[in-house]
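Shown next, in structure tokens, is the structure this report addresses.
The values are calculated or read from the model by the stated rules, or taken from the named source; none is laboratory data. Given the structure is predicted, the values throughout are model-derived calculations rather than measurements. When we count neighbours, we look across all protein chains shown, and the Cβ atoms used for this are built from the backbone with ideal geometry, even at glycine.
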Amino acid sequence: MAPTSIPIRASTSMLRACRWLTWGALAAMLSLCVPAWATCYRISYAPGMTYPSNDVYYVDPAHGTHNTWTGSLDTAGASGLAVSSVNLNSSTFQPDGTLLASGSASILMLGNEAYTAEQVLFRCDAADAGSLFEFYATNGDNDYGGRYEDGASFGLPGAYRTYFRGMVIRVTHTQTGNYFSRYWQSRPLTGLDRDSQGKILVKAKNFSDVRVELFRVSNTEGSTGSGIYSYSQPAAYIAFKGPGWSNNLVDGRDSNSYFDGWYNAWPGTINLYNRLTVRRSATCAVTNVTPNVRFPLMTVAELEAGATRQMPIDITFECQTGAPANTGLTALASGVNAGQTAMGVLVPAANYQSAAAQGLTTAGGGATYLLPDGYGTDSGVATGVGISLALANGTPLNFLGNEMVTGSGNNAGWYAVLSDASSTGVAAGVTSYTKRLQATLKRIPGRTVTPGKINARAQVVIRVQ
């Protein structure tokens, strides 16, 4: 919401039922509506405090915890991204729709303060069952927080303009699978815990986690080009609606105009503020990789005796080394430090998990071996063997476990992009390079080899760190 917005304080009670009583008097009829009142109470006080069991703010320690919480302030929440920086480039190197970064965030991290799963946020009457909801929407009253769905023009529904030109954000509500929209959507809060008095407990764990994606598009709107994301307006919100809270939130209503309950009835905020650095650096792009690597057949006896098979992987790539290709960009820097361009060979998530289960990963998140698809779960797949990676000169390399994790260097599987590369020509400020890696099929030290097939895939990735 805009910093100048004034939160509408919810009343402490809400009309729940109306019984019509009538009296006849000649031709006149008098009607009287007698209200039955009920409400949800916001639970926000320090763990060391207690209320008596007959108080509306009482939290039975056998059924939940309590703590102070502020709600969706403009600076609250988390980005949900697995990276702290992204690089924006030209459409030649980053076509429209290029995924810049992604990740997930637990609701437990989306408040101004961290929640615990069993933390009670609201305590409601038993009669309130069926009228408790989680609502979610983008920050629709802000130009750079969720008002303009710029991504739709580039085939990215649900992707909204950010403070940076050329970058849009899309947030997915993981419980429903729906993209956050400028127009409010809801999910009934059902199956909630109850305390010994039958009161309904709305806990932090009852709200949805989110998935966040950043994409590069050719929109020219936005306020700035690069730097820290210093704009303190969130991208999206998760709100609570119940008796006495967020009364005017209704499915389909425009969050540009309807935001009753902000900020203290809203527990979740998706926010890039001071959590992301955007760079505009010259970089490189892969143009070709050896499509298939076939190792000659080997016997179990050969592998147990230490024999190996080695095959080359040839990579061609292009880098923005001069004008006009690097115009308006920071000059190319090859390396693994912040702002430098690195290359890595990424293994699929399932293969990485297999390597992790076998203790074949590094402290930085890289993998020392690429294991076959189905390793340890498919009886037809060989075990005790894997594929290692090295430069042409024999220098061993780690595989990438996650291309979105940058800044961890060689331990994560990142290596200077121009290391051991050879230039093959320059045109219009773009230099072409080739690099050869060696893939080796071998027995994993200390493991017993079993026969079977070996199939695996990997992907060459180049990214500014």
| Gly261 is checked against (1) at negative phi; (2) surrounded by 14 or more Cβ atoms within 10 Å (Cβ to Cβ); (3) in a loop (DSSP other than H, G, I, E, B) and fails just one. What number does that condition carry? | (1)
| field | Check on Gly386, assigned to a loop (DSSP other than H, G, I, E, B), in contact (Cβ under 8 Å) with a residue 12 or more places away in the chain and not hydroxyl-bearing (Ser, Thr, Tyr) | value | no
| task | Please go through the stretch 361-372 and pick out each residue that is closer than 15 Å to Leu441 by Cα and assigned to a loop (DSSP other than H, G, I, E, B). | result | Thr368, Tyr369, Leu371, Pro372
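The rows are residues; the columns are (1) without any contact (Cβ under 8 Å) to a residue 12 or more places away in the chain; (2) part of a strand (DSSP E or B); (3) surrounded by 20 or more Cβ atoms within 10 Å (Cβ to Cβ); (4) not small (Gly, Ala, Ser).
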site: Tyr136; (1), (2), (3), (4): no, yes, yes, yes
site: Gly140; (1), (2), (3), (4): no, no, yes, no
site: Tyr144; (1), (2), (3), (4): no, no, yes, yes
site: Arg147; (1), (2), (3), (4): no, no, no, yes
site: Gly151; (1), (2), (3), (4): no, no, yes, no
| said: Looking only at the stretch 307-321, filter to residues that are in a loop (DSSP other than H, G, I, E, B) and touching a strand residue (DSSP E or B) at 6+ places or on another chain (Cβ under 7 Å); which one of those is surrounded by the most Cβ atoms within 10 Å (Cβ to Cβ)? | reply: Thr321
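Conditions tested, residue by residue: (1) loosely packed, with under 15 Cβ neighbours inside 10 Å; (2) modelled with pLDDT under 95; (3) under 33 Å from the mean Cα position of the chain (by Cα).
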residue	(1), (2), (3)
Trp414	no, no, yes
Gly425	yes, no, no
Pro451	yes, no, no
Ala456	no, no, yes
Val460	no, no, yes
Gln465	no, yes, yes
| Subset of the stretch 96-111 [assigned to a loop (DSSP other than H, G, I, E, B) and either at pLDDT below 95 or in contact with a Phe, Trp or Tyr (Cβ under 7 Å, 6 or more places away or on another chain) (or both)] | Asp96, Gly97, Gly111
| remark: Across (1) in contact (Cβ under 8 Å) with a residue 60 or more places away in the chain; (2) assigned to a loop (DSSP other than H, G, I, E, B); (3) surrounded by 14 or more Cβ atoms within 10 Å (Cβ to Cβ), Tyr375 clears everything bar (1)
| task | Provide a single number: the residues in the stretch 280-291 that are at pLDDT 95 or above and part of a loop (DSSP other than H, G, I, E, B). | result | 4
| task | Would you mind telling me which numbered condition in (1) among the basic types (Lys, Arg); (2) over 30 Å from Gly407 (Cβ atoms); (3) part of a strand (DSSP E or B) Arg294 fails? | result | (3)
